[in-house]
Every structure is written in structure tokens, then in C-alpha cells.
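**Q** Shown below is the structure under consideration.
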Amino acid sequence: MMFRGRGYVYSALVLVLNVLIGGWFGCIVAALTALYAFFIGEWYARKKYGAISCDASFSSQKDKLQRCFLRVNTKANQKYAHMPKNTKIYIVPDQKIQAYAFGWRSIGVTEGALNLDTRTLEALIAHEYGHIVNGDSVLNMVLSASAISLVALLAFYQFAFIAVVYLIVIIACLFGLFKFNFLSYMVTTKLTGLFKKIGEVIQHGAFHVFQIVIRAFGRKGELMADSFACSLGYAFYLKRFLERFDVEAPRRETILDALYETHPPRDVRLRNPDILQIDRW
């Protein structure tokens with residue numbers, strides 16, 4: 001069985017690195033990131049997708065969804081200790097067949113997915129439950145917030161460096177160490193422009209590296225969530241869902257395209273050893 005909860009452990013390590021690398025700024029970033037990942041981000045994700053609590057929904061199939069979720073939740077707690085508490089299920093008003101893990105205690109299932117047969121719907125819920133158990137959504141939020149913070153910090157350092165260059169030139173001119181004329185103005189402007197370009201390249205590069213890392217963790221998280229669903233006895237139904245409803249992504253044209261994929265290819269997921277060991281119950 002895979003390393004359950006790895007997303008929470010990695011998230012904690014990222015927050016610690018923020019503090020160690022960023023000092024006081026890193027402390028603020030770590031605090032805001034934790035607040036976003038565990039509270040605001042989950043609420044925002046539900047609002048973004050228009051998720052409706054089953055308790056507040058008037059959908060005729062909400063009882064089916066609640067029964068399926070209860071069955072998955074019961075099986076998970078029977079098989080594993082220390083499962084997440086107070087996990088809630090939501091209905092997403094969308095006719096696509098899809099499900100989502102919101103943060104660390106919310107699962108959203110689209111109205112379109114409610115038309116699936118009971119066992120396949122349970123397999124879909126079990127997969128998303130696996131994301132919550134593994135902490136994938138929290139890790140994604142922590143890494144995304146850290147990436148934005150890093151770019152902001154680099155932008156601040158870039159601004160500070162250019163400001164220092166201009167300050168040195170002004171002081172040198174005041175003390176007669178540097179003669180201010182058109183040539184010196186042009187040299188200073190060109191140098192600061194070059195530093196600005198270099199800074200922008202570093203910022204964009206750091207942001208894209210973070211995005212590639214986030215996508216890599218995401219693809220690994222998908223395979224681990226599949227394995228979690230299989231461990232609850234849903235291998236057959238998950239395999240059938242992937243074969244029938246998981247739309248194969250367009251063929252990747254470059255290595256960069258592959259690095260930016262959010263999900264592994266369907267054939268890779270179907271070759272998951274846990275799916276191949278089908279145990280229909």
C-alpha cells in the first residue's frame with residue numbers, strides 16, 4: 001500500500017522551507033499558505049465549482065450519493081486507522097461525469113456522475129477520498145501559494161537591487177566620484193534594464209519549474225488515489241470507469257507538454273498493478 005498522508009508531510013516540509021529560506025517573510029508566507037490550504041482554499045474551491053451540500057440539495061439523487069459516500073467511508077474506516085474525520089460530500093451542478101477533492105475534507109461529485117451505477121459511483125468517490133487521505137489537494141494549494149510567494153519575493157529583490165544601483169549612482173555623483181551626463185545616464189539605464197530582464201527570466205523560470213513540480217506531484221497523486229480505491233475493492237469498477245468515461249488526452253507533441261500534464265495517460269493508469277489485480281466484490 002502507498003504512503004498515505006504523504007501530501008500533508010510534504011506540505012509541512014514546504015512550509016518549513018519557506019521559513020528557513022525566507023526568514024520573517026517566509027514566516028508570513030508559511031502562515032498565510034497554511035491558512036489558505038486548510039481553510040480559505042477549500043471554501044474557495046467549493047464556491048468556484050458551485051458545490052452544494054447534500055443536506056441543502058434538492059436533487060432527487062442526493063440520497064443515492066449519500067449512501068454511496070457512506071459505504072465508501074465505512075469501508076475506508078474499517079480497513080485503515082486514522083481516516084480523515086468530518087469529510088463531507090457535495091453535489092456540483094455540472095452534467096459532465098467528474099468528481100473533485102476540495103481541500104482536506106470535502107468531495108464534490110457532478111450531477112452527471114450521479115447517473116452512474118452505484119458501484120462505479122462508489123469507485124469514483126473512493127478515488128477522490130484517496131486524494132483527501134493522501135493530502136494531494138492540500139499539497140497542490142501549498143505548492144501553488146509558495147510558487148506565487150517565491151515570484152513575489154524575487155520581484156522584491158529585483159526592485160531592491162535596481163533601487164540600490166540608482167542610489168549608488170546618485171551618491172557617487174553627489175560626491176564627485178561619478179560625472180552625471182548623457183553617457184552615464186544611458187549606461188546606468190542599460191545596466192538596470194539588463195538586470196530587470198535577468199530578474200524577469202529568473203522569475204518566469206522559477207514559476208514554471210514550480211508548475212512542473214506541482215503537475216508531477218499531481219500525476220503521482222492520481223495513481224495513488226487509484227490504488228487507494230482499489231484497496232477498498234473497487235478495482236473492477238474503476239477500470240471500467242477509466243475505459244468508458246475517461247477521455248484520452250491529445251497526443252503530447254513535446255516533452256514540455258508531457259511535463260505539464262495534470263493526469264497520467266489512461267493506459268498508464270490502467271497498467272497500475274493495483275488495477276490489474278482485479279478483485280470484483
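Only the coordinates and a few stated rules stand behind these numbers; no lab work does. The shown structure was predicted, so the numbers you read here are calculated from the model rather than taken from an experiment. We place every Cβ from the backbone using ideal geometry, glycine too, and count neighbours over all the protein chains shown.
**Q** Taking the Cα centre as origin and putting +1 on Lys and Arg beta-carbons and -1 on Asp and Glu beta-carbons, what dipole magnitude results for the chain, to the nearest 20 debye?
**A** With Lys and Arg at +1 and Asp and Glu at -1, about 200 debye.
**Q** Ok, one more. Going by the alpha-carbon gyration tensor, a ≥ b ≥ c the square roots of its eigenvalues, is the range 199-269 rounded (a/c under 1.5) or, if a/c is not under 1.5, prolate (a/b greater than b/c) versus oblate?
**A** oblate
**Q** I've got another one for you. Highest GNM mean-square fluctuation, the chain, Cα pairs closer than 10 Å: which of 226, 136, 246?
**A** Evaluated over the chain, the most mobile residue of the options is 246.
**Q** Please compute the length gained on full extension between residue 118 and residue 95, using 0.36 nm multiplied by the number of residues separating them and subtracting their Cα-Cα distance.
**A** Value of the extension gain: 6.6 nm.
**Q** Further question on the same structure: Using only Cα atoms, tell me the angle between helix 136-174 and the longest principal axis of the chain; keep it within 0 to 90° and round to the nearest 10.
**A** 0 degrees
**Q** For the range 1-143, what is the charge dipole size about the Cα centre, in debye to the nearest 20, if Lys and Arg each add +1 at the Cβ and Asp and Glu each add -1 at the Cβ?
**A** 280 debye
**Q** Springs between alpha-carbon pairs under 10 angstrom, Gaussian network model over the chain: which of 155, 172, 216 fluctuates most?
**A** 172
**Q** Turning to a different aspect of this structure: Under 5 Å between amide hydrogens, which residues at least 5 positions from residue 90 or on another chain qualify, with H placed 1.01 Å from N in the peptide plane?
**A** 107, 108, 109
**Q** Next question. Build a GNM of the chain with springs between Cα atoms under 10 Å: which of 87, 33, 189 gets the top mean-square fluctuation?
**A** 189
**Q** Among 77, 130, 39, pick out the residue whose Cα is farthest towards the positive end of the charge dipole of the chain, where Lys and Arg carry +1 and Asp and Glu carry -1 on C-beta, about the Cα centre.
**A** Going by the charge dipole, the pick is 77.
**Q** Quick one: order 8, 90, 166, 234 by neighbouring beta-carbon count within 10 Å, fewest to most.
**A** 166, 8, 90, 234
**Q** Of the cross-linked pairs 62/88; 64/220; 47/75; 64/96; 62/220; 47/88, which ones have a Cα-Cα span greater than 24 Å in the structure shown?
**A** Where the Cα-Cα span goes over 24 Å, the pairs concerned are 64/220; 47/75; 62/220.
**Q** When the chain is fully extended, how far beyond the present Cα-Cα distance does residue 16 get from residue 157, taking 0.36 nm per residue of separation?
**A** Contour length minus Cα-Cα distance gives 48.7 nm.
**Q** Let me ask you something else. How much mean residue ellipticity at 222 nm does the chain get from its helices, if each DSSP H run of length 4 or more adds -39500 (n - 2.57) and you divide by all residues, to the nearest 500 deg cm²/dmol?
**A** The helix contribution divided over the chain gives -23000 deg cm²/dmol.
**Q** With Rg and Dmax of the Cα atoms in Å defined as stated, name the option among (1) 18.3, 58; (2) 24.6, 87; (3) 19.3, 62 computed from the structure displayed.
**A** The listed entry that was calculated here is (2).
**Q** Continuing with this model, one more query. Given contacts defined as C-alpha pairs under 8 Å and at least six residues apart, what's the relative contact order of the chain, whole-number percent?
**A** Answer for the chain is 20 percent.
**Q** Tell me, 185, 100 in order of fewest to most beta-carbon neighbours within 10 Å?
**A** Sorted ascending by nearby Cβ count, the order is 185, 100.
**Q** What is the fewest-to-most order of 42, 200, 122 by other Cβ atoms lying within 10 Å of their Cβ?
**A** Neighbour counts put them in this order, fewest first: 200, 42, 122.
**Q** Treating only the Cβ atoms of Lys and Arg (+1) and Asp and Glu (-1) as charged, compute the dipole magnitude of the range 92-141 about its Cα centre; round to the nearest 20 debye.
**A** The calculation lands at about 80 debye.
**Q** Between rounded, prolate and oblate, where does the range 1-83 land on the alpha carbon gyration tensor, with a ≥ b ≥ c its root eigenvalues, rounded for a/c under 1.5, else prolate if a/b exceeds b/c?
**A** Note, shape of the range 1-83 comes out oblate.
**Q** Full extension from residue 173 to residue 189: what is 0.36 nm times the residue separation minus their Cα-Cα distance, to one decimal in nm?
**A** Residue separation times 0.36 nm, minus the Cα-Cα distance, leaves 4.2 nm.
**Q** Can you compute the label reach from residue 258? Point 7 Å from Cα along the Cβ direction, backbone N cut-off under 16 Å, restricted to the range 197-224.
**A** 212-213, 215-217, 219-220, by backbone N distance to the label point.
**Q** In nm, to one decimal, how far is the residue 148 label point from the residue 202 one, both placed 7 Å along Cα→Cβ?
**A** 2.3 nm
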